[in-house]
Amino acid sequence: MTEPPERPTQRDIARRAGVSTATVSYVLSGRRGGAKPPPEETRQRVLRAVAEMGYQVDHAGRSLRRRRSGLVALMYPAPSSPWSDRLAEQMQEASAERGLGVVALPMSGAAAGEALLRVLRERYVDGAVLLPDCPVDPEELAVLARQGLSLVVFDDDLAPEGFDVVRQDRARACRDAVEHLIAAGHRRIAYLGHPGEDSRRTAPSVKLSSYRQVLQENGICAATDLVLPVADSRSQAYAAVRDLLRRPDPPTAVVSATDRAAIDAVWAARDHGVPVPGGLAVSGIGNISEGLVITPALTTVGAREFDFSAQVARLFERLDAGAPLDGEVMSARWELIVRDSA
């Protein structure tokens, strides 16, 4: 039986390229900060030696030696949104400076919570950012933090127990959007929600709960036929609003759980000959850039700026710290941004 060939090592690469093993390690790690990088000619010589010898980084062995995976995770309820995409971009930029990788893990379905916890418990990653509504037990997060996992969690209610908590004040901002429509005289207000938003094992989402609570407080019946699970599909949102406007008693306003569906509500109204906001007022959630360039500009709820650099910096501060850090409360506050569509 033929013995498999031995895998080349970094020492072999260094010998072939005529450089030190430290230089090979620097080039292969992809680091761009810290020590002075080698000249470009040296870097190219190392990469040629790597290609000629068929060298592959042994990530498993390196992780075992360092007791680090070299990965951080972004965990979010599926599907992604423009602001979670922006957070992922900023994590990637910061990770690249440190020679680390980022994995994005969408959470959906009944088994999502256990799958998420397995990734964290078994240390597939060194740290993670968890976005709102990720199905995880707060007590588990505290245990994981005590075990050395770096965590930044977006949540309006959790206490920071060895991990950092980012407050967005989502409920207040979502309530403001509905109250704004009611103050303008609207009583039949439709809600475009996420599929399954009303059948979660715990409580309904902050967005849907805020919608219902404000209607109830103002003595307005929350008609079930005005709550439609279409906010994650642009085509479904367009069709749903078109059908609503064909009813004999159409709504006069729409609140959408996503800006993307709200924008399609504007298009559906315009194509149906209903002026916005004169015939149908529309408000979204998310504050994506597309909402600024449509006509009329979209009223929305969200953070004023798509900038999560402070939260990303805190995650890597935790990773780089020699000792555990106390949990902190950070802010990325949502607010009602009134524009022409409502």
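The values are calculated or read from the model by the stated rules, or taken from the named source; none is laboratory data. Since this is a predicted model, take the numbers as computed values, not measurements. In this analysis, Cβ positions are derived from the backbone assuming ideal geometry, glycine residues included, and neighbour counts consider all displayed protein chains. Ligands, DNA and RNA are excluded from the accessible area calculation, which covers all protein heavy atoms including side chains. Shrake-Rupley method; radii C 1.70, N 1.55, O 1.52, S 1.80 Å.
Exactly one residue out of LEU28, LEU47, LEU64 is hydrophobic (A, V, I, L, M, F, W, C), over 16 Å from ALA96 (Cβ atoms) and at pLDDT below 80, and it is LEU64.
Look at the range 229-240: where a residue is within 10 Å of PRO195 (Cα to Cα) and free of Cβ contacts under 8 Å to residues at least 40 places away in the same chain and a partner is of a type outside the set (Phe, Trp, Tyr) and open to solvent by 70 Å² or more (accessible area, probe 1.4 Å), sitting 6+ places away or on another chain with Cβ atoms under 6 Å, you get PRO229/PRO195; VAL230/GLN236. Against the definition (modelled with pLDDT under 95 and within 20 Å of THR252 (Cβ to Cβ)), how does ALA203 come out, yes or no? It is false that ALA203 is modelled with pLDDT under 95 and within 20 Å of THR252 (Cβ to Cβ). One residue stands out in the range 215-265 among those that are open to solvent by 70 Å² or more (accessible area, probe 1.4 Å) and hydroxyl-bearing (Ser, Thr, Tyr): the one that is farthest from SER289 (Cα to Cα), namely THR224. Based on what the data block shows, is CYS134 assigned to a helix (DSSP H, G or I) and under 20 Å from SER84 (Cβ atoms)? Here the answer is no, as CYS134 does not meet what is asked. Consider the range 275-313 and keep the residues that are in a helix (DSSP H, G or I) and surrounded by 22 or more Cβ atoms within 10 Å (Cβ to Cβ). The one that is nearest to the chain's Cα centre (by Cα) is VAL312. Of all residue pairs spaced 6 or more apart or on separate chains, those with beta-carbon atoms under 6 Å, a first member in the range 77-88 that is outside any helix (DSSP H, G or I) and a second member that is modelled with pLDDT of 90 or more and open to solvent by 30 Å² or more (accessible area, probe 1.4 Å) are PRO79/ASP232. Across the range 177-191, not a single residue is classified as open to solvent by 50 Å² or more (accessible area, probe 1.4 Å), in contact with a Ser or Thr (Cβ under 8 Å, 6 or more places away or on another chain) and in a strand (DSSP E or B).
When ARG318, ARG339, ARG333 are checked against the criterion of being touching a Leu at 6+ places or on another chain (Cβ under 8 Å) and either in the same structural domain as ALA240 (by TED's automatic domain parsing) or in a loop (DSSP other than H, G, I, E, B) (or both), a single residue qualifies: ARG339. Of all residues in the range 312-341, those that are over 19 Å from LEU87 (Cβ atoms) have Cβ atoms under 7 Å from Cβ atoms of residues that are open to solvent by 50 Å² or more (accessible area, probe 1.4 Å) and acidic (Asp, Glu), 6 or more apart or on another chain, in GLY327/GLU161.
Filter the range 133-168 for residues that are in contact with a strand residue (DSSP E or B) (Cβ under 8 Å, 6 or more places away or on another chain), open to solvent by 10 Å² or more (accessible area, probe 1.4 Å) and of a type in the set (D, E, K, R) and give the result. Passing the criteria: ASP133, ASP155, ASP156, ARG167. Among the candidates PRO106, PRO195, the residue that is touching a Ser or Thr at 6+ places or on another chain (Cβ under 9 Å) and not assigned by TED's automatic domain parsing to the domain that holds SER235 is uniquely PRO106. Residue selection: VAL129 satisfies the criterion of being among the hydrophobic types (A, V, I, L, M, F, W, C) and out of contact with any Pro (no Cβ under 9 Å at 6 or more places or on another chain).
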